[in-house]
Each structure stands twice: as C-alpha cells, then as structure tokens.
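**Q** Before I ask anything, here is the structure I am working with.
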Amino acid sequence: KKSSSQGRALEDERCADVCKTCFLLLRSCTDTFSSRWDWGVVLALLGNQHLETRWWAAQCTSLALHLTEAQKVVLLNQHFTPQQQIQMMLQTDCLTDVSREQTKLMRSSDSSGLSDELLTPKPTAVSADELSQSVVSICGILLPTRPGCEEKEVPQTLVPVPSTLRNLHCLAMAVLSQKAVLLEGPVGCGKTALVEHLAALTGRSSAPYLLKVQLGDQTDSKALLGTYRCTDVPGEFVWQPGVLTQAVARGNWILLED
C-alpha cells in the first residue's frame, strides 16, 4: 500500500509538471500553441484530485480558450477554494518571474559573454515613487486606496519579520480578490493589527471607512443587518440599517472580531 501511494504521488507530480510546462509554453506564444494542440486532455484534468495538476490545467484552459478575466474568475471559483487560489497564485507569480528572467537570458545576442549584471535577477516591482496616488504597494501587491484620502505617513506598528510580511502579503492577496476574509489564530497573535495596518495604508484607518464590531452573546442580526425603529410620530417606523448593511452600501471595510 505504501509503495502504491508513493507511486501515485510521483505520478501526480509528473502530471503537474507537464501541465506547468504546457502553461509556460502557452504563456510564451498563446496563438501558436492554442491552435496546434488538442487541449481536450488538459480540460479533463480540471477534475483531478491533485491540487497543482488541477491548477495548472485551469491556467492552460484560460489561455487556450482565451477566457476573459471574468470568465477566468468563474472557472477558478468552480474548482478552487479562496485559500487554494491564494496559495497557487503565489506559486504562479514566482514561476512567471523566473520564466521572465530566463527568457531575457535566452534572447541575449551574446550568450557567451553574459555579464554578472544580466545573470542577477532584477526586481520586477515598481518603486513607490512611480506609483499613482490611487494605489499602494503592500508586499508587492497593488491595492486601491480610498478615493479622496490624503497621503500621510503610517505609523510603523508592525515589526517586518518574515512571518509578518508573509501574512501581510496573503492578507493583501485576499483583499484583492474582493471577498470576505477570515483570519484565524490564537489571542494576541496580531490578527487585528494586520487588518488595521492594511486599512491605514489604504486610507481607511478610522470610522466610517473601517467599522469594528466585537461579537458576543448579546450580538444579534438586528445589530448587523438593521431593524425598524419608531419615530416621534405615533405609528410611524423607519428603517435603521446595521453596521454590516452600512459598510456594504458605502463600500467600507468592516472588522468582525470574535
């Protein structure tokens, strides 16, 4: 049984490597390879149990079929959880960066006289001075800032150790996906500090742009969604939206702490 499982794992890795190679070829010349190969075999791998095989098959599918960004998002949401998408997007970014540098080397006219400068990988991210005021770079991820916010210095409350930068990068990727984000961890590990730091960098350091709610036994749906309340006029009621409804309606952030 052990030998069988090891053989299966090796087969999955080889299949993932083939799909990854196909992705790089498609990415280098989409029009050429998308028309010459039969991609039906790759489409069948979207139901594969192996995460990497399924991911690279999805990437090949989006390139071969010339999917739009909206169609690609639908495809990924059908086959991957948000956490899996974040995990594999990081691998894809690293792979494409390395591929870009290798392409530069292969296209060099004088491969025999490669200098140390050419062999040294160059940073692909733009500097902060080159960015528009409407975006901010957070660990290499570009996030839009709040419209109309004034640029100001953000207090350095976080110590930039590798684990903090890694968590901040993952949080920025999750926010970029425009979906609800769940942070888990023991008390005092810095979950709230990460969110507050990210909010400050994007111009949402205070209410109403960042609403905080401490959930407890007394918290009910009315406090979050809203309720009807009576007015000074007898028999008249008006709708009072809750904090969650207000945040959704105005496009603000809401932090629910448990």
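The values are calculated or read from the model by the stated rules, or taken from the named source; none is laboratory data. If you're wondering where the values come from, they're calculated on a predicted model, not measured in any experiment. Every residue, glycine as well, gets a Cβ built from its backbone with ideal geometry; the counts of neighbours run over all protein chains shown. These accessible areas exclude ligands, DNA and RNA; they are computed on the full protein's heavy atoms, side chains included. Shrake-Rupley method; radii C 1.70, N 1.55, O 1.52, S 1.80 Å.
**Q** Name the residue that is farthest from Leu198 (Cα to Cα), counting only residues in the range 140-168 that are modelled with pLDDT of 80 or more and in a loop (DSSP other than H, G, I, E, B).
**A** Out of the qualifying residues, it is Val161.
**Q** Which one is farthest from the chain's Cα centre (by Cα) among residues in the range 54-64 that are of a type in the set (Gly, Ala, Ser) and surrounded by 23 or more Cβ atoms within 10 Å (Cβ to Cβ)?
**A** Initially, the range 54-64 is screened for residues of a type in the set (Gly, Ala, Ser), giving 57-58, 62, 64.
Still in the running and surrounded by 23 or more Cβ atoms within 10 Å (Cβ to Cβ): 57-58.
On the way: Ala57: 19, Ala58: 17 Å.
The extreme case among them is Ala57.
**Q** Can you tell me how many residues in the range 237-255 are open to solvent by 80 Å² or more (accessible area, probe 1.4 Å) and either at pLDDT 90 or above or not aliphatic (A, V, I, L, M) (or both)? Please lay out each step first, then the result.
**A** Filtering the range 237-255 for residues open to solvent by 80 Å² or more (accessible area, probe 1.4 Å) gives 237, 239, 248-250.
Filter again for either at pLDDT 90 or above or not aliphatic (A, V, I, L, M) (or both), leaving 237, 239, 250.
Counting residues in the range 237-255 that are open to solvent by 80 Å² or more (accessible area, probe 1.4 Å) and either at pLDDT 90 or above or not aliphatic (A, V, I, L, M) (or both) gives 3.
**Q** Could you grab me the full set of residues in the range 166-221 that are touching a Lys or Arg at 6+ places or on another chain (Cβ under 9 Å), of a type in the set (A, V, I, L, M, F, W, C) and open to solvent by 40 Å² or more (accessible area, probe 1.4 Å)?
**A** Listed by number, the list holds a single entry, Leu183.
Yes/no matrix, rows are residues, columns are (1) under 30 Å from His197 (Cα atoms); (2) open to solvent by less than 80 Å² (accessible area, probe 1.4 Å); (3) at pLDDT 85 or above; (4) assigned to a helix (DSSP H, G or I):
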| residue | (1), (2), (3), (4) |
| --- | --- |
| His66 | no, no, yes, no |
| Val73 | yes, yes, yes, yes |
| Ile86 | yes, yes, no, yes |
| Thr96 | yes, yes, no, yes |
| Ser99 | no, yes, no, yes |
| Leu105 | no, yes, no, yes |
| Val136 | yes, yes, no, no |
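**Q** Further question on the same structure: Can you pull out the residues in the range 145-200 that are farther than 20 Å from Asp93 by Cα and among the small types (Gly, Ala, Ser)?
**A** Here is the first cut: in the range 145-200, the ones farther than 20 Å from Asp93 by Cα are 145-161, 179-200.
Gly148, Ala180, Gly185, Gly188, Gly190, Ala193, Ala199, Ala200 - these are the residues of the range 145-200 that are farther than 20 Å from Asp93 by Cα and among the small types (Gly, Ala, Ser).
**Q** Out of the residues in the range 25-53 that are surrounded by fewer than 17 Cβ atoms within 10 Å (Cβ to Cβ) and of a type in the set (A, V, I, L, M, F, W, C), which is modelled with the lowest pLDDT?
**A** If we take residues in the range 25-53 being surrounded by fewer than 17 Cβ atoms within 10 Å (Cβ to Cβ) and of a type in the set (A, V, I, L, M, F, W, C), then Trp37 is modelled with the lowest pLDDT.
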